[in-house]
Structures are given as C-alpha cells and as structure tokens.
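The values are calculated or read from the model by the stated rules, or taken from the named source; none is laboratory data. Keep in mind the model is a prediction, meaning the values are calculated, not measured. Ideal geometry is used to build each Cβ from the backbone, glycine not excepted, and the neighbour counts take in all protein chains shown. Side chains included, ligands, DNA and RNA excluded: accessible areas come from the protein's heavy atoms. Shrake-Rupley method; radii C 1.70, N 1.55, O 1.52, S 1.80 Å.
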Amino acid sequence: MKKIGFFAAALFAAASLFAAQVNEAELKSVGQTIEFENYTGPHARVDTLEAIKGIGSSLGKEVGKDSTKAANVGNQSKYYVIHAIDSSVKEKLDADILVLGANAEVDHIRNLRHIIASYLVSAYSYGESDAEAIATFVTVYNAVYRKNLDVFKSKYKDVVVNNLTAEKCGLSTKYSEWPGASQIVIPVSDSTGGLSAVDTSVISDKEVVSSMKEEDGKNIDDRKKMVDIKEREAEKANEKAQESQKKATEKQKTADAEKKKADEKKQETKQAQKKADDAQKKADESKKKAEENPKNKEAQKQAEKDQKEADKAKEEVKEAKKEEKAAEEKAQKAQEDADKSKKDAETQQAAADKKQSEAQEERKEIAKDQEKVAAEEKAAASASSVFGLKLADSKLNSQIVKVKTDDGVILKQSPVKVIKNRAICPSGKGFVAIAGENSGKGAVKLVLIDQDSLEIVQESEEILSENSVLLEDGGSYLVVIKDKLGYVAAKYGADLKLQVKSPVPINASSPIIKTSAGYMVTDLTGNPLLLNLNDLTLTFKKAVGAAKNLTVKAGKGN
C-alpha cells in the first residue's frame, strides 16, 4: 500500500459547470483538472490486497453490527469512520465519513477505493463489483467537492455537517495531503443496508460524471456499472411501490368498510335520538296530565313510567354516541393507515422513476461516448493494423488486441480477458472464441466479439468445457460442451446456435481434428472416435455397441 507506483486519472472539468459549486482555489491548485497523484517510489513494505481490503472490512463490520445507530469506529490516528445517523431528522441525508488520520499510509487512489469498497461490503452487504464501482464514484465526488463545505451543508443533516471542517472535507487530489486532512463523505440513504444504502444519485451528479468523462476512455466501464446499479435500484423500488400499492388498496378497502360502519353508527345514533326525543315528548305529556289531575293515581303512574322510558332512551343515546365515536375514530385511523400506505407507494414509485430516468439518460450519454471513443480509436488506427491475441494472465487466458503493423503499438485491446486456448476465428465483423470462467456466476461459452468495440455481442446458450478446443470448418464451429452425458462434441453456426451434438460422450479436453473420414475425437477411455462430418454420429460401425455401453455408463454417472 505504501508508495505503490504512479497512477494518474486525469479528470478534466468544465469550469462553467463547477463555478458555482467547486472551490476555485482547489481547481487552480491542480491546473483546473482533477488528477489523482500517487506515490511512485520504492517501498519498505508492500501490503497485500487482502490486508488493504481488511482495513475497510474491519471498519465495516463494526458499523454493520447495528447500522441504524450512530457510531464512531476505528483508529483515529489511521483510519476511522464516523457513522453519522440521525433517524429523528427526516430531511436531508445521513452519511458515513471515512477519516484518514495523520498516520494513514494509503498513497494510491486504487487502494483507497479498495478500502472504501470493502467497507461497503462489510457494513451494508454490497456485492464486490457494485462496491468497487460505488467507491470509484465516491472518490471522484469527494475530489470534485473538496473543501466546499457549503455543498455538504446543502445536502446533509447537522449530524454530518457538525463532523466536517472546511479545510478537510472531501478528498485532495494529492496523496501527500491525505493523511490528517481527509474527510471522505459517503451519502447514506438507507442505513439498514442493501443495494440502496449509498445514495447513488448524489455521488453521480452531473459534475462528477462530467469529470469522469474527461478520463481516457471516458470511464465508460465504471459508468456502465453505476447505470446497472441504478436500474436494479429502480427495479427493487418499483417492486416495493407495487407491494405498498397493494397494501394501500387493501387498507383503503378496510377504511371504506370502517367508514361505512361509522356511518351506520351515526344513523343508529340519530334513530336513538329520535326515539329518545319521542319518549321524552310522551313523558312530558304524561307529566302534564298528572299535574292537571294530581288525584288521578293512574295518571301519576303513567307519567312515572313514561319518564323512565325516556330516561332509558337517553341512556341508549349516550351508548350509541360512544359507539359512534369509537367507530369514527377507528375509521379515521384506518383511513390514515391507507393514506400512509398510498404515500409510501408514491414515494417509492417516485424513487424508482428517478433512478430509472437517471439510468436511461446516462445510458444515452454512454452510448454517445462509446461512439466518440470508437471514432477516435478508428482515426488513430487509420494506419495499417492487425488483430491478434496477447496473454492476459498466468492462466494462459488471452485478450484480443489491435496493433499497428509498423511499430507494434497497441491501438485497442478488448476488455474480454478470458479467451481460452489462445485461439480466435474471424467471423464477419468480429471474432468467434471460447471465453469465460466456470466460477461464481461465470461460465465458459462460445462467444462472438465485435471487431469495433471488442466486446462480447453474442454468446452460446450451452456451457463449454473449460479445456474445449475450437475448430472452424466451413463457417461452422466445433467445440466440446457440457451435456447430460457428461461432455460431447458440438457444432455451431455463425449465429452461435447449436446445430448438432454427438450422441456419445467424449473427453472434456478432447482434440477435434477434421479428417477425410470424419472428425476425430477422444473418448472417455482415451481411444479415438470418428464422428460424421454432418451430424456428429459415430462412423465406427464396429464401435457402435461399445459406444452405446459408454453412453449408458456416462448417463448413470451424471
């Protein structure tokens, strides 16, 4: 991690875009560019990538124990995080502030991004790829708004701002200024974790993206990853919105039912009141008669009886009013719940629409930039050039490169670095190859790589043997694929659609050689087999029985 080699990510920013928000002195100090300068000299100690990531992981694990509560974790002299969370305040953003202490030794932007990414993985359960992309944006975001406290004040809660200073907020472009003078702000929109823990809209605003576009290649890969994250955020937010809408619909039905009950209670109260009024009127009349005939015992009894009936009716009115009030309160509560669910659904839908809109807009910009990059590369490659392969790693994986024929300078290289067997076959305006790795979500497949973009534009549905050979024959491609029998020979068309496959299993690493009698392959016992050139059936008549036995055995073992 100490002094690990010079890395410069030149991120030019249009002054007109930054004039209102970016500290002019900071821009002038680096010639109106954002350029991360990293140490290039020798090291007394070289930390492993695992150790570097461990810095972020240890901090993230502490915060992740209860990410909904504020906390300070880590070593203040080196690396520590202020988990600035205030759930009582609904406006503006919470944040994590990664502080680089005076004794922090990180001196390369790549390693700083590893620390941030591993922190996000541990604290909020991000996938590594997503975390790395977010970490890249976080560093550029903090460089863009370095020492611009007003910008942070406008977006973040007091619990965040109170931990920032004008001289240290954000990230310097010079590694020598990082220790003791860096407050890297990571906006938190959901402290419970998950894909939307970090507010991706904030760290990928126009100023940040404009800066990233100035880098060689326009930082297209990282921008694509961010778009992918936003699209998944939009999908999840949309699902939540639909769920909330369903709940809101059900709750509204309940609220309507409770309102109907309350209305019925109101009518019952009116009826009870009318009954009480009539009873009191009757009692008053009886009382009047009794008063007019004080010696009439029957009149006195009737008056007393009618008054009791009236009093009873009044009590019924009181009870009816109580029930009416309770029903009204219940109806009101039910309606409030329904309204809240509706609001939640609207908020979630708005969030989904916002993310989707941002993603769509950025995809358009990326598409334009890809065209520009392609045009620039095409112009640069106007001199005589050829395509070929170069080794990409120690596993003998390869990648396609385009080089100038006069001096061998690489004009373009493919991002696909897992081409197998050091072999490609030209096909139309591209190359057919076997590429991939059988690990995680990866798979080895037959692919078509576009000649202009050098990216995969088509792939087979079937998974290939990692040791499969690639044989081109008259526009068709012979490979070894996985099958219920184990591994079999297969033939594909130029469209990478499976045409035929052998009815018997072969060795996963079998050669495929075209002969006048058929394709020669190796069976599971190490013996040669000949397959028909058209349908890949066996041509060995005497071996048919043995082949059938072999098929049965392979089927049982699979």
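May I ask you to verify whether residue 449 is crowded, with 16+ Cβ neighbours inside 10 Å and either under 24 Å from residue 384 (Cβ atoms) or polar (S, T, N, Q) (or both)? When the stated conditions are applied, residue 449 passes them. Of all residues in segment 129-150, those satisfying the criterion of being open to solvent by 10 Å² or more (accessible area, probe 1.4 Å) and either small (Gly, Ala, Ser) or assigned to a helix (DSSP H, G or I) (or both) are 129, 130, 132, 136, 149, 150. The single condition from (1) open to solvent by 60 Å² or more (accessible area, probe 1.4 Å); (2) closer than 29 Å to residue 374 by Cα; (3) acidic (Asp, Glu) that residue 466 fails is (2).
When we screen 311, 337, 369 for residues that are closer than 24 Å to residue 417 by Cβ, at pLDDT 85 or above and assigned to a helix (DSSP H, G or I), the only hit is 369. Against the definition (assigned to a helix (DSSP H, G or I), over 15 Å from the mean Cα position of the chain (by Cα) and under 23 Å from residue 354 (Cα atoms)), how does residue 154 come out, yes or no? The answer is yes for residue 154. In segment 476-493, of all residues being crowded, with 20+ Cβ neighbours inside 10 Å and touching a helix residue (DSSP H, G or I) at 6+ places or on another chain (Cβ under 8 Å), the one that is modelled with the highest pLDDT corresponds to 486. Kindly indicate whether any position in segment 349-358 is surrounded by fewer than 17 Cβ atoms within 10 Å (Cβ to Cβ), small (Gly, Ala, Ser), modelled with pLDDT under 90 and in a loop (DSSP other than H, G, I, E, B). No: zero hits. Which residue is most open to solvent (accessible area, probe 1.4 Å), if the candidates are limited to segment 494-511 and must be over 18 Å from residue 538 (Cα atoms) and not basic (Lys, Arg)? Taking the candidates together, the pick is 495. The residues in segment 469-500 that are of a type in the set (Lys, Arg) and either free of Cβ contacts under 8 Å to residues at least 12 places away in the same chain or within 30 Å of residue 370 (Cα to Cα) (or both) can be counted, and the count is 1.
Picking from residues in segment 111-151 that are within 18 Å of residue 79 (Cα to Cα) and of a type in the set (Ser, Thr, Tyr), the one that is farthest from the chain's Cα centre (by Cα) is 139.
Take residue 159 and decide whether it is out of contact with any helix residue (DSSP H, G or I) (no Cβ under 9 Å at 6 or more places or on another chain) and surrounded by fewer than 24 Cβ atoms within 10 Å (Cβ to Cβ). Yes, satisfied. Suppose the filter is open to solvent by 100 Å² or more (accessible area, probe 1.4 Å), assigned to a helix (DSSP H, G or I) and more than 30 Å from residue 273 (Cα to Cα); does residue 329 pass it? For residue 329, the condition - open to solvent by 100 Å² or more (accessible area, probe 1.4 Å), assigned to a helix (DSSP H, G or I) and more than 30 Å from residue 273 (Cα to Cα) - is not met. For segment 167-214, the tally of residues that are touching a helix residue (DSSP H, G or I) at 6+ places or on another chain (Cβ under 9 Å) and at positive phi stands at 3. With respect to the conditions (1) open to solvent by 20 Å² or more (accessible area, probe 1.4 Å); (2) within 13 Å of the chain's Cα centre (by Cα), residue 200 falls short on a single one, namely (1). The single condition from (1) closer than 19 Å to residue 458 by Cβ; (2) open to solvent by 70 Å² or more (accessible area, probe 1.4 Å) that residue 422 fails is (1).
In the condition set (1) at positive phi; (2) buried (at least 17 other Cβ atoms within 10 Å of the Cβ), residue 217 is compliant with all but (2).
For residue 81, the conditions (1) modelled with pLDDT of 95 or more; (2) of a type outside the set (S, T, N, Q); (3) farther than 20 Å from residue 125 by Cβ are fulfilled apart from (3). Checked against (1) in a helix (DSSP H, G or I); (2) closer than 27 Å to residue 165 by Cβ; (3) at pLDDT 50 or above; (4) in contact with a helix residue (DSSP H, G or I) (Cβ under 7 Å, 6 or more places away or on another chain), residue 106 passes all but condition (1).
Report yes if residue 231 is in contact with a strand residue (DSSP E or B) (Cβ under 9 Å, 6 or more places away or on another chain), surrounded by fewer than 20 Cβ atoms within 10 Å (Cβ to Cβ) and of a type in the set (D, E, K, R), otherwise no. For residue 231, the condition - in contact with a strand residue (DSSP E or B) (Cβ under 9 Å, 6 or more places away or on another chain), surrounded by fewer than 20 Cβ atoms within 10 Å (Cβ to Cβ) and of a type in the set (D, E, K, R) - is not met. Among the residues of segment 85-120, those identified as closer than 16 Å to residue 189 by Cα and open to solvent by 30 Å² or more (accessible area, probe 1.4 Å) are 86, 87, 88, 89, 90, 91, 92.
Residue 167 fulfils the conditions (1) open to solvent by 10 Å² or more (accessible area, probe 1.4 Å); (2) farther than 19 Å from residue 104 by Cα except for a single criterion, (2).
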